[in-house]
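Down below is the structure, laid out as structure tokens.
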Amino acid sequence: MLAMSARMALLGTESAFEVLARAKALQAAGRSIINLGIGQPDFPTPPHIVEAGRKALADGHHGYTPANGILPLREAVAADLHRRHRVAVSPDQVLVVPGGKVTMFFAILMFGEPGAEILYPNPGFPIYESVIRFSGATPVPIALHEAKGFSFSAEEVLAKITPATRLIIVNSPANPTGGVVPKAEFDALVKGLERHPHVAILSDEIYGEILYDGARHTSLLAYPAIQDRLILLDGWSKTYAMTGWRLGYGIWPKALFPFAERLAINCHSCVNAAAQYAGIAALEGPHEPLQRMVAAFAERRKLITAGLNALPGFRCAMPGGAFYAFPNVAGTGIDTRRLEAQLLDEVGVAVISGTSFGAYGEGYLRFSYAASRAEIEEALARIGAWLARRNAGA
Ligand SMILES: Cc1ncc(COP(=O)(O)O)c(C=O)c1O
């Protein structure tokens with residue numbers, strides 16, 4: 001009998017990948033499946049970015065790079081953050097990593113251990129809770145409220161801080177809700193954190209460029225009072241349709257940076273060199289492909305929200321960012337895990353149960369609208385017909 005560490009039993013997963021595998025298996029068996037499950041843009045990586053990656057390979061960039069990333073890429077990240085948020089970040093604070101997830105893994109491992117408490121959004125990206133448990137720390141959920149556009153209440157967050165709290169994780173715009181935290185709520189959180197200097201903050205801003213109705217992204221980088229304890233998570237996956245390139249970055253406070261870099265050296269050494277060159281091209285632009293993609297998401301957002309609200313038992317808030325709709329489906333009276341399975345098996349539509357994003361996701365489903373209008377229309381029609389048959393008792 002092999003003896004794994006007890007910690008392994010604590011590790012959760014991201015069920016979007018399981019639903020994706022099941023949807024692919026059904027497709028391979030000849031079924032027509034519309035995949036609104038996995039969270040990735042349905043657009044290809046813009047050609048000038050692909051070309052920069054191809055050129056890097058042709059030019060011989062085949063070896064290791066510095067563990068923290070090549071300097072021109074880190075400089076491009078600093079310039080991009082300045083362009084977007086008017087903040088000065090040193091390229092020495094940028095740790096380039098293979099995907100957005102790695103920054104969260106490192107930040108949670110850095111602060112999590114038995115006895116420590118880590119606050120995280122619920123419903124939220126499932127890897128937060130999974131890695132918090134894996135680290136041995138206690139996960140303390142921050143409830144997100146449908147009535148507040150799926151924001152948290154700063155007052156509620158601050159009330160959960162104890163002497164054992166080490167880290168607070170926030171995510172806006174958010175997966176799975178599409179919620180955007182209002183600036184006033186962040187202002188109140190930052191103000192309140194002055195009373196808790198022992199608490200670090202991980203701000204997951206991976207959807208920061210995917211916002212609607214002319215809204216501007218509030219980055220926690222713009223709050224000088226917390227810069228010595230803020231870890232910013234961002235990357236290329238969503239903004240530039242680069243999920244498969246595995247490229248992300250963290251901005252780390254100077255005191256934490258050497259530890260994060262050491263984790264990188266122990267874990268992956270450095271990021272694929274060609275992907276890093278592609279990352280420079282992405283940040284330097286042109287940015288029109290990104291603008292076109294967000295404009296397409298904005299259209300689909302209206303289509304899917306209206307369509308979901310027309311389904312019996314569904315109620316869907318208008319998402320403010322990212323590319324997810326998170327309808328409340330409690331009115332159908334069907335348990336959401338069961339609904340997820342039935343929609344895939346009987347209707348041929350892959351979506352994710354809200355409970356995959358934490359206990360407070362009960363009663364909700366996540367629909368990714370990073371899919372064509374035709375697919376969204378077909379999915380809504382199929383679900384509508386299925387619910388009508390079901391409600392008629394057929
Ligand atoms: C909120 C959030 N953070 C981080 C990530 C991870 O992104 P990446 O694919 O770059 O690791 C995702 C991906 O779905 C996400 O939704």
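Yes/no per residue for (1) touching a residue at least 60 places away in the same chain (Cβ under 8 Å); (2) within 16 Å of the ligand (Cβ to nearest atom); (3) touching a strand residue (DSSP E or B) at 6+ places or on another chain (Cβ under 7 Å); (4) of a type outside the set (Ser, Thr, Tyr):
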position	(1), (2), (3), (4)
Leu167	yes, yes, yes, yes
Ser172	yes, yes, no, no
Val181	no, yes, yes, yes
Phe186	no, no, no, yes
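Quick one: is Glu117 touching a strand residue (DSSP E or B) at 6+ places or on another chain (Cβ under 7 Å), more than 12 Å from the ligand (Cβ to nearest atom) and open to solvent by 20 Å² or more (accessible area, probe 1.4 Å)? Judged against the criteria, Glu117 is a match. Does segment 38-46 contain any residue that is more than 25 Å from Gly235 (Cβ to Cβ) and surrounded by 14 or more Cβ atoms within 10 Å (Cβ to Cβ)? No - not one qualifying residue is present in segment 38-46. Residue-level analysis places Ile108 outside the set of residues that are closer than 27 Å to Asn272 by Cα, β-branched (Val, Ile, Thr) and open to solvent by 20 Å² or more (accessible area, probe 1.4 Å).
Yes/no matrix, rows are residues, columns are (1) more than 16 Å from the ligand (Cβ to nearest atom); (2) open to solvent by 40 Å² or more (accessible area, probe 1.4 Å):
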position	(1), (2)
Leu303	yes, no
Ala310	yes, yes
Phe314	yes, no
Ala322	no, no
Phe326	no, no
Ala330	yes, yes
Leu344	yes, no
Gly348	yes, no
Val351	no, no
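Selection of segment 192-217 for residues being modelled with pLDDT of 95 or more, away from the ligand (no atom under 16 Å from the Cβ) and either open to solvent by less than 20 Å² (accessible area, probe 1.4 Å) or not acidic (Asp, Glu) (or both) yields Gly192, Leu193, Arg195, His196, Pro197, His198, Val199, Ala200, Tyr212.
Flag not set for Ile251, criterion: closer than 26 Å to Pro126 by Cβ, within 14 Å of the ligand (Cβ to nearest atom), of a type in the set (Val, Ile, Thr) and crowded, with 19+ Cβ neighbours inside 10 Å. Pairs meeting the criteria (first residue in segment 234-260 and farther than 13 Å from Leu95 by Cα and in a helix (DSSP H, G or I), second residue within 9 Å of the ligand (Cβ to nearest atom) and open to solvent by 10 Å² or more (accessible area, probe 1.4 Å), beta carbons under 7 Å, at least 6 apart or on different chains) are Thr243/Gln40.
The values are calculated or read from the model by the stated rules, or taken from the named source; none is laboratory data. Small disclaimer: the values here were computed from a predicted structure and weren't measured. Backbone-built Cβ (ideal geometry, glycine too); neighbour counts: all protein chains shown. Keep in mind that these areas ignore ligands, DNA and RNA; they rest on the heavy atoms of the full protein, side chains included. Shrake-Rupley method; radii C 1.70, N 1.55, O 1.52, S 1.80 Å.
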